[in-house]
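Some notes on the structure that comes next.
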Amino acid sequence: MKNIQYLLTQYKNVSQLLATLIAFCFLLYGIRVANTQTLMYGFLLWNLFLACLPLLLSLVIMVTLPIREHKVKLVTALFIWLLLLPNSFYLITDFEHINRFPTVPFWFDLILLSSFALTGMYAGLLSLVQIENIICSHFSPKLKVPFVITILYLSGFGVYLGRYYRFNSWDVLQEPFALLRGILKGVTATDAQNFTVGFGTFLLVLYFVTTSFHSKVNNL
């Protein structure tokens, strides 16, 4: 209970912001459904749920002492977290659906998709910061930068596997051999390499801008 209370105290502001973003996403989707009488873009709700899973797991790791103090359990939890993390950044690729269901003004769908993408990005970056702190405290602070860079480029590759090869995080259990073939194919494919470098760099820039801005605000 003390751990949970401490967590709520430490992350009260960011949790409120995330809750606000999620509520706004649901509001926009509800308006769209009410005006069109259809469930188009319903996949955004599922994708948003998946986008929040890495953050939920990082929170569990932070407040669960047996996980943090047991290296094998910690590494296992971090591996599961890594499998889930691309889901947070995947939402931005849903822009490919914009104007596919032109039953509302274009600007509304633009705001809708942007809100879901922003919320997923925020959840993913917040989760990364939490795991980064765990890495620094349980392994070495020197691992911080290479860890972040590696994770974000791996996430870029994971987003590619999800968007273009249609793999999911749980395919590591359901379709491990198909996933392995997809990974090997992606590693050698030029478009996958370009996407990974481009998207990974985008995430990296976004991460450093966000964390730098946050640090400056805290120092005001």
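The values are calculated or read from the model by the stated rules, or taken from the named source; none is laboratory data. None of the values given here were measured: they were computed from a predicted structure. Cβ: placed from backbone, ideal geometry, glycine included. Neighbour counts: every protein chain shown. Surface accessibility is based on the protein's heavy atoms, side chains included, excluding ligands, DNA and RNA. Shrake-Rupley method; radii C 1.70, N 1.55, O 1.52, S 1.80 Å.
Details
- Residue tally, condition of a type in the set (Gly, Ala, Ser) and in contact (Cβ under 8 Å) with a residue 40 or more places away in the chain, over the range 96-146: 5
- The residues listed here are Val148, Val159, Val129; of these, the one that is open to solvent by 30 Å² or more (accessible area, probe 1.4 Å), of a type in the set (Val, Ile, Thr) and under 24 Å from Val60 (Cβ atoms) is Val129.
- Of the helices (runs of 4 or more DSSP H) lying entirely inside the range 141-214, those containing at least 2 residues that are within 18 Å of the chain's Cα centre (by Cα) and not acidic (Asp, Glu) are 144-164.
- Selection count, the range 63-109, where residues are within 25 Å of Gly156 (Cα to Cα) and part of a helix (DSSP H, G or I): 24
- Of the criteria (1) surrounded by 18 or more Cβ atoms within 10 Å (Cβ to Cβ); (2) of a type in the set (Ser, Thr, Tyr); (3) touching a residue at least 40 places away in the same chain (Cβ under 8 Å), which one Tyr153 fails: (1)
- Conditions (1) in contact (Cβ under 8 Å) with a residue 12 or more places away in the chain; (2) within 16 Å of Tyr29 (Cβ to Cβ); (3) not basic (Lys, Arg): number failed by Met62: (2)
- Within the range 4-30, residues that are more than 14 Å from Cys52 (Cβ to Cβ) sit with their Cβ atoms under 6 Å from residues that are open to solvent by less than 60 Å² (accessible area, probe 1.4 Å) and at pLDDT 95 or above, at 6+ positions apart or across chains, in these pairs: Phe24/Ser115; Leu28/Leu112; Leu28/Ser115.
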